[in-house]
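> Dropping the structure in here first, questions after.
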Amino acid sequence: MTTAQQAQQQVSEDVHSYAEPTKAVARHLDLDIAVNFDSKTISGTASYNIDNLAKGNEIIFDTRGLQIEKVYLGDNREETTFRLGETDKVLGQPLYVTIKPDTKRVTIQYKTSPDAAALQWLNPQQTAGKKYPFLFTQSQAILARTWIPIQDSPGIRITYNAKVQVPKELMAVMSAENPMQKNATGVYNFEMKQQIPSYLMALSVGDMVFREVGPQTGIYAEPATIEAAAYEFAEMDKMLVAAEKIYGKYRWDRYDLLVLPPSFPFGGMENPRLTFVTPTVLAKDRSLTSLIAHELAHSWSGNLVTNATWNDFWLNEGFTVYFERRIMEELYGKPYADMLAVLGYQDLTNTIEELGADSEDTRLKLDLEGRDPDEGLTDIAYEKGNLFLRHIEMAVGRERFDEFVNKYFNTFAFQSTDTDKFLDFLRKELIKGDEELAEKINIEGWVFSPGLPENHVKPTSERFAQVEETYKAWKNGKPAAQLNTKDWSSHEWLHFIRMLPEQMSQQQMQDLDKAFNFTNSGNSEVLAAWFIHAINNNYRTADKALETFLTNVGRRKFLVPIYKALAATPEGKKKALAIYAKARPNYHAVSTVTLDEMLK
Ligand code: BES
Ligand code: ZN
């Protein structure tokens, strides 16, 4: 086989990228950019070391909204011709660069657009410190191409170096080896020695400081937030130790967190060496740290072994949820992890109900051709994926399953893999021709069929059984203030709130709120769940807190159900639109794309 044929064999077809990596592929990126807060643009050069496998005369990159100024070949930078293809709203434009059979290096000089979807430019008012502007990127799933011309497919991996010029009073960090300190020049250098897919390219610029947590771990945050963050995440080093105990050595040297301003559209993003995280997990009681376990777990499932296309997203998220709960079990015991499992199962059944039990989007292996991957990526990948892996674990026992998963991570380390390759590996390494086991595992039912197989095992939780007792007592008329809620964690509270009836009287709402002060909860999960009841029952006492929450927090997972509940009545919709008009400038494009569609 020629090298080109070999490469072709390894690459899974990605319908969300214009790149043709079997013909010409990027291996390493040298990024040299300047960040300009006045014009809200990033400009500079992306230089690639490439492999012209087919020895043809073209290499294709993905771009969206980028201004391509010049393209050069070779170390001496000889100008070459290029052409941008037609624009697709979701995929952007292919950039065709003319190369020679022996071209090794391509340099693209470019500039981003002020509305690049991956970039959120915050003014000082939108930060904790209120003094300096802030920038962060969000590249997953296919937004890297809005800030770097790149072969934007998770099946393609590169190493990178970067030189980033920022305003002198600010600091820059990336998904790479980081500087840890502000310097006087405003120029920062980065190195990512391990090969990563494009969706893990990440940059943030702002007034930030670094605080060490353990020998291998630390936190970047605004000075105003660092204290709270250091308390909340004090156990992250222990998490790393627990994770290594289960799936072997952490392969990325350091593991740090960057705590972002509240408009960050996700809970967390597993940028390698530097997880980006929402400040809405700063609950002051370390109750929401499973999110850190989740992003840390991605250092194996996702960053080390990567879904080759977005149709295989469950390989990233299903494994990660499974691993996240194993880490939490290791640290806090089975009863704790069981609570997370039950809450996750509730999310799953809700999602299946919303999508419809026979919806194709409830299969693990997705078909997102012609769609924005961001739309098709739901809780199914996370929770059905997790349930499938638990199901296999129960079928073969934990010891055997752990051995298998360890081997899977080692075999595919620093590679991308797809559903078929995983299933082949499962058959070869675990099922090994055992027909009874194959039938039990039921690949067809879990991976390629919608909904949940009939005989799936529903997670249960002892601690929640007590919550259910308490709830029944309340439902039967016991005043809230007399309920036994001693030592409840936020998970128990969340379970309790989720169980509350859809229709409640003002008196019931008041009774609960007086006893438990939900409206003023400092826990974002509790607050978001409570607001749904407040909206459904027209409980006006929560109005102000609701509006404050919606104007500050940009996390899509919270915003979508709240706006949806509001939009369910004509009066609520009016309120939703009024709040949205004010709050929208605070939200990231990832959130506004979804909300614009919902509220239009
Ligand atoms: N990688 C995801 C976030 C993501 C997924 C971004 C798809 C863009 C497209 C991240 O690891 C994640 O799953 N975050 C969750 C938190 C987690 C605890 C379930 C989130 O942001 O809510
Ligand atoms: Zn995840």
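> Taking the range 296-319 on its own, how many of its residues are near ligand 1 (Cβ under 9 Å from one of its atoms) and closer than 14 Å to residue 244 by Cα?
Counting residues in the range 296-319 that are near ligand 1 (Cβ under 9 Å from one of its atoms) and closer than 14 Å to residue 244 by Cα gives 2.
> What is the number of the single condition among (1) open to solvent by less than 10 Å² (accessible area, probe 1.4 Å); (2) in contact with a helix residue (DSSP H, G or I) (Cβ under 7 Å, 6 or more places away or on another chain); (3) more than 12 Å from ligand 2 (Cβ to nearest atom) that residue 308 does not meet?
Result: residue 308 passes all but (2).
> Further question on the same structure: So residue 296 passes all but one of these: (1) open to solvent by 10 Å² or more (accessible area, probe 1.4 Å); (2) in a helix (DSSP H, G or I). Which condition number does it fail?
Just one mismatch for residue 296, condition (1).
> Continuing with this model, one more query. Which one is nearest to residue 540 (Cα to Cα) among residues in the range 553-600 that are basic (Lys, Arg) and outside any helix (DSSP H, G or I)?
For the range 553-600, the residue satisfying everything is 555.
> Those residues that are part of a helix (DSSP H, G or I) and within 23 Å of the chain's Cα centre (by Cα), I need them from the range 519-533; list them, please.
Passing the criteria: 524, 525, 526, 527, 528, 529.
> Here is a follow-up. Could you list, in sequence order, all residues of the range 314-331 that are within 11 Å of ligand 2 (Cβ to nearest atom), in contact with a Lys or Arg (Cβ under 9 Å, 6 or more places away or on another chain) and acidic (Asp, Glu)?
none
> A follow-up question, please. Residue by residue through the range 538-580, note down the ones that are closer than 14 Å to residue 524 by Cβ and either within 16 Å of ligand 2 (Cβ to nearest atom) or aromatic (Phe, Trp, Tyr) (or both).
Once the filter is applied, which keeps residues that are closer than 14 Å to residue 524 by Cβ and either within 16 Å of ligand 2 (Cβ to nearest atom) or aromatic (Phe, Trp, Tyr) (or both), the range 538-580 yields 549, 555, 556, 557, 558.
> Those residues that are outside any helix (DSSP H, G or I) and within 16 Å of ligand 2 (Cβ to nearest atom), I need them from the range 332-377; list them, please.
Of everything in the range 332-377, those that are outside any helix (DSSP H, G or I) and within 16 Å of ligand 2 (Cβ to nearest atom) turn out to be 364, 366, 377.
> Pick from 384, 421, 428: which is within 16 Å of ligand 2 (Cβ to nearest atom) and on the phi < 0 side of the Ramachandran plot? Break it down stepwise before answering.
Working: 421 fails: within 16 Å of ligand 2 (Cβ to nearest atom); 428 fails: within 16 Å of ligand 2 (Cβ to nearest atom).
Of 384, 421, 428, the one residue that is within 16 Å of ligand 2 (Cβ to nearest atom) and on the phi < 0 side of the Ramachandran plot is 384.
> Please specify each residue of the range 256-286 satisfying the condition of being open to solvent by less than 10 Å² (accessible area, probe 1.4 Å), away from ligand 1 (no atom under 13 Å from the Cβ) and part of a loop (DSSP other than H, G, I, E, B).
Once the filter is applied, which keeps residues that are open to solvent by less than 10 Å² (accessible area, probe 1.4 Å), away from ligand 1 (no atom under 13 Å from the Cβ) and part of a loop (DSSP other than H, G, I, E, B), the range 256-286 yields 261, 263.
> List the strands (runs of 3 or more DSSP E) that sit entirely inside the range 131-210 and contain at least 1 residues that are closer than 26 Å to residue 586 by Cα and open to solvent by 10 Å² or more (accessible area, probe 1.4 Å).
Values: elements: 134-137, 157-165, 171-174, 187-197, 203-206.
Once the strands (runs of 3 or more DSSP E) in the range 131-210 are filtered for at least 1 residues that are closer than 26 Å to residue 586 by Cα and open to solvent by 10 Å² or more (accessible area, probe 1.4 Å), what remains is 157-165.
> Scan the range 457-483 for residues that are open to solvent by 20 Å² or more (accessible area, probe 1.4 Å), among the polar types (S, T, N, Q) and either on the phi > 0 side of the Ramachandran plot or not in a helix (DSSP H, G or I) (or both) and jot them down.
Answer for the range 457-483, where residues must be open to solvent by 20 Å² or more (accessible area, probe 1.4 Å), among the polar types (S, T, N, Q) and either on the phi > 0 side of the Ramachandran plot or not in a helix (DSSP H, G or I) (or both): 460, 476.
The values are calculated or read from the model by the stated rules, or taken from the named source; none is laboratory data. Source: prediction; values computed, not measured. As a convention, Cβ positions derive from the backbone with ideal geometry for all residues, glycine included, and neighbour counts pool all protein chains shown. Side chains included, ligands, DNA and RNA excluded: accessible areas come from the protein's heavy atoms. Shrake-Rupley method; radii C 1.70, N 1.55, O 1.52, S 1.80 Å.
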